[in-house]
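Let me begin by presenting the structure, written as structure tokens, before commenting on it.
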Amino acid sequence: MEIRPVKDIEFKEVHNLIKISAEADWKYWLPPSEVSRIVDVSLCVKKLKERARIGHFYVALISEKIVGCGAILPYIVDGKNVTDEFIIRNVFVDKQHSGKGIGKAIIEVLENDEFGKKAKRIEVPATIPAIPFYIKLGYSHKSGIKILKGNDILLEKHF
């Protein structure tokens, strides 16, 4: 497996991975129309490219096929970057490769990225099924609060 920064020509493939993963995972708590809206609006190719422009977006590959992705971005408060806080977004792994350590490897790359190394705190908006995964990696509920913000639970890790 290789994990490296995403190339511009790969964003459509990344979007397709996210779409398939979201449709499979989110159907248990969101109606299909809402899943489609989120994927088509908030996770469209344009938004993914924007996240790569302001942050660092990685892909995991096996035999040159994208099987996972994730990004680390500056944490923004009142329109300004917080210099020692970051947010991890868009961590997805192809279901055929789930349970093989790919998600963990992506998180390790993000935490060891130049942003991650500067972090005193990293936040992750996690879907309900992803919470145990992040807890195993040392994340906990932000400020001890276990409520949804939109469709996510906010988790954090202090360094």
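Compute the length gained on full extension between Ser33 and Ile54: take 0.36 nm times their separation in residues and subtract their Cα-Cα distance, giving the result in nm to one decimal.
Working: separation 21, 0.36 × 21 = 7.56 nm, distance 2.90 nm.
Working it through step by step, the gained length comes to 4.7 nm.
For q = 0.21 Å⁻¹, what log10 I(q)/I(0) does the chain give under the Debye formula with an equal point scatterer on each alpha carbon and no solvent?
Taken in order of the listed q values, log10 I(q)/I(0) reads -1.65.
Return the single residue from Lys118, Lys80, Lys47 with maximal mean-square fluctuation; model: Gaussian network over the chain, springs between Cα atoms under 10 Å.
Answer for the Gaussian network model of the chain: Lys80.
What does the extension gain come out to for Ile20 and Lys7, with contour length at 0.36 nm per residue minus their alpha carbon separation? List each step's numbers first, then the result.
Details: separation 13, 0.36 × 13 = 4.68 nm, distance 2.01 nm.
Contour length minus Cα-Cα distance gives 2.7 nm.
How high is the relative contact order of the chain, in percent, with contacts defined as C-alpha pairs under 8 Å that are six or more residues apart? Intermediate values should be presented prior to the final figure.
Values: 240 pairs, mean separation 29.3, N = 159.
Worked out over the chain, it gives 18 percent.
In the chain, with Lys and Arg counted as +1 and Asp and Glu as -1 at Cβ, which of these residues, Leu30, Pro74, Ile3, has the Cα nearest the positive end of the dipole, that is, farthest along it?
Leu30
Using +1 on the beta carbon of Lys and Arg, -1 on that of Asp and Glu, and nothing else charged, what's the dipole of the stretch 2-158 about the Cα centre, debye to 20? Mind showing how you got there, number by number?
Working: 26 positive and 21 negative charges, 31 e Å.
Value, rounded to 20: 140 debye.
Could you give the distance between the Cα centres of the stretch 93-116 and the stretch 1-70, to the whole Å?
Here the answer is 13 Å between Cα centres.
Given labels modelled 7 Å from the Cα in the Cβ direction, how far is it in nm from Glu64 to Asp84?
4.5 nm
Go through Lys49/Lys136; Lys120/Lys142; Lys104/Lys142 and tell me which ones have a Cα-Cα distance over 22 Å in this structure. Working shown, then result.
Working: Lys49/Lys136 29 Å; Lys120/Lys142 14 Å; Lys104/Lys142 20 Å.
Correct reply: Lys49/Lys136.
Starting with the highest mean, order 82-89, 96-103, 71-78 by the number of other Cβ atoms within 10 Å, averaged over the residues of each peptide. Numbers along the way, then the final one.
Details: 82-89: 18.9, 96-103: 14.6, 71-78: 16.4.
Result, highest mean first: 82-89, 71-78, 96-103.
Contour minus end-to-end for Ser42 and Lys118, with contour as 0.36 nm per residue of separation and end-to-end as the Cα-Cα distance?
Values: separation 76, 0.36 × 76 = 27.36 nm, distance 2.71 nm.
Taking Ser42 through Lys118 to full extension adds about 24.7 nm, to one decimal.
Just so you know, all these numbers are worked out from the coordinates, no wet-lab data involved. Here the structure is a predicted model, which is why all the values come from computation and not from measurement. With ideal geometry, Cβ positions are generated from the backbone for all residues, glycine too; neighbour counts draw on all protein chains shown.
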